[in-house]
1. Between Thr265 and Phe368, how many nm apart are label points set 7 Å from Cα along the C-beta direction?
2. Specify the angular offset, from 0 to 90 degrees and rounded to the nearest 10, of the alpha carbon long axis of helix 171-181 from the longest principal axis of the alpha carbons in the chain.
3. Under a crude label model (7 Å from the Cα following the beta-carbon direction), how far is Lys49 from Lys479 in nanometres?
4. Percent antiparallel among DSSP beta bridges with both residues in the chain, to the nearest 5?
5. So which aspartates and glutamates pass the test for Lys341, namely a Cα distance under 19 Å, with those fewer than 8 places away in the same chain ruled out?
6. Among residues other than Leu32 whose Cβ falls under 15 Å from its Cβ, what is the net charge (Lys/Arg +1, Asp/Glu -1)?
7. Tell me the label only: which of (1) 77, 70, 49; (2) 99, 56, 40; (3) 78, 66, 42 is Cα extents along the principal axes in Å as calculated from this structure?
8. Given a Förster distance of 45 angstrom, what is the FRET efficiency for Cys335 paired with Lys493, based on the Cβ-Cβ distance and rounded to 0.05?
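The numbers here are math on the coordinates, done by the rules we state, and not lab data. Computed from a predicted structure; not experimentally measured. Please note: Cβ atoms are built from the backbone with ideal geometry, for glycine as well, and neighbour counts cover all protein chains shown.
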Amino acid sequence: MVREIFEIKDKSLAGRIGEILTAHGKIRTPTLFPVINPISQEVSLEVIKGIGFEAIITNAYILKKHREREALEKGIHELLKFKGPIVTDSGGYQILEYGRVDVTPEEIVIFQENIGSDIAVILDVPTGGYASYEEAKWTVEETIRRAIISLKYMKRDKTLWVFPVQGGKYLDLLEYHARKALELPYDIVSIGSPTQILEKYDYATIIHMIAAVKKVLPPSMPVHLFGAGHPMFIPFAVALGVDTFDSASYILYAKDERLIFPHGTMRLKELSEIPCSCPICSKFTPQELMEMEKSERVKYIAIHNLYAIMQEIKRVRQAIKENTLWDLLEERSRCHPSLFKAFKALIQYRTYIKQYHPMVKAEVHGIFLYDVLSLHRPEIIQYHDKLLNNYNPALHEGIAIVLLDIEEKPLTRTEFYTKIREIIDKNNLKNVHILVFMPYFGIVPEELCETFPLSQHEKEYDDNVLDYTMNITEKYFRKNVSAYSKVVLVVKKENKKLAETLWKKLKALFKNLERITYENTAEAIDKVSHVMRNSSMGSSL
């Protein structure tokens with residue numbers, strides 16, 4: 001029986017803010033577990049806790065090999081002097097690095113429970129990034145075998161157990177392995193061994209790997225991504241539903257004298273100023289850091305790196321709370337070509353993302369639309385879906401007044417609309433429907449103009465966006481051709497090409513198609529009024 005240890009508090013895209021309940025307290029997600037070396041640790045756990053990390057991860061295999069008696073006598077929390085949740089890995093990474101470890105799956109399970117791990121990982125066999133399909137398949141089957149055997153040795157009283165999903169870049173193997181997680185009583189699912197793929201900045205492949213696993217699992221299952229610790233990728237993984245990460249990047253980069261930032265990494269020797277205001281960067285200049293002893297310099301860079309990671313985690317959490325995670329992805333995707341490629345890969349899973357994305361929250365934040373990639377936002381996709389599949393205009397053989405270049409939002413509060421609506425009401429013209437052409441959205445009926453996000457967005461667009469929007473508009477009129485006997489396109493003279501383009505798309509659908517061009521609002525209102533009165537008189541005869 002699966003225990004209820006994860007509570008989702010908020011959502012944006014498929015990402016969520018949540019809490020994992022452990023024996024040593026709750027872990028707020030999304031978050032990262034800094035990797036702690038149980039033999040020699042450069043940054044104290046007190047400092048790591050003070051930066052904001054509630055939980056840490058260490059290696060149970062290394063503990064068992066070098067400090068077994070002490071760990072069993074004291075327990076892992078007393079041994080490491082850390083009161084918060086502690087996650088332990090089992091030695092799978094050492095298998096990936098060295099090919100084998102001197103411990104059995106049964107022994108490492110018993111050891112992790114006896115030292116009091118809050119969250120523990122079975123001894124899996126990582127696939128890695130270079131395995132052939134047959135090699136990857138073997139790692140999957142062997143990890144499943146070990147997962148089944150390990151269950152016999154679990155007390156399952158305080159320790160939460162992680163089911164590692166292997167398969168590497170082979171998506172069918174990942175999906176197969178993830179389905180096995182549904183058959184076994186594990187608490188958390190992890191996606192294993194992406195490190196070698198991440199080292200090549202192949203973030204798009206990691207996106208496909210995450211999606212293959214997440215699409216199989218229920219939302220109630222927390223998901224961990226091993227070895228993914230650079231803040232530049234964290235928002236993308238979270239957007240697909242990854243809840244926790246772990247990484248030693250903060251110290252590994254520091255030893256190479258590289259500083260982590262949300263947009264990438266920079267070498268200390270290349271910096272004249274550090275674009276950061278964390279306590280380390282506020283206190284020391286690049287020159288001062290360079291003049292320090294190596295060990296001291298490494299420690300300070302590692303602390304900076306931890307601050308940079310936590311800054312991005314907090315930024316992601318806030319974006320989820322504001323429901324602006326997509327905006328953060330668009331921003332981050334421009335930081336590096338590999339992230340842009342990852343963003344385009346993520347867009348392929350827009351249908352999966354849309355089913356979890358809350359379209360409206362109590363506190364509404366407007367959305368930003370930039371280019372064709374913004375067409376894949378869940379809000380845009382849902383509007384197109386409802387417009388073309390659910391919405392039906394409440395009239396038959398009426399007059400459609402299509403305003404093509406009204407930028408002011410919402411339409412219903414503009415002088416243009418108010419004047420036309422007054423004429424319609426005054427003359428009892430009940431069969432007239434006002435619509436506005438809106439880049440990204442397509443056609444927007446007057447009665448929907450004030451709904452989110454039709455009046456809560458800012459946009460910039462190009463011809464590609466307009467072409468896509470024109471196609472949506474054509475689909476709308478094709479679906480509702482019987483609702484309108486006449487369509488009137490209203491556009492400023494300077495934008496008449498817009499009307500010409502739409503005219504070409506609609507002329508096969510409507511025999512009665514008319515264009516009105518104007519230079520000012522008064523002229524437009526006069527011309528539209530004339531058309532409406534004449535059309536009304538014609539239809540009554």
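1. 2.8
2. It works out to around 70 degrees.
3. Between Lys49 and Lys479, the simple spin-label model gives 5.7 nm.
4. 30
5. Result set, ordered by chain and number: Glu199, Asp202, Asp327, Glu330, Glu331, Asp371.
6. Surrounding charge for Leu32 is 0.
7. Working out Cα extents along the principal axes in Å from the coordinates points to (2).
8. Computed FRET efficiency for Cys335 and Lys493: 0.60.
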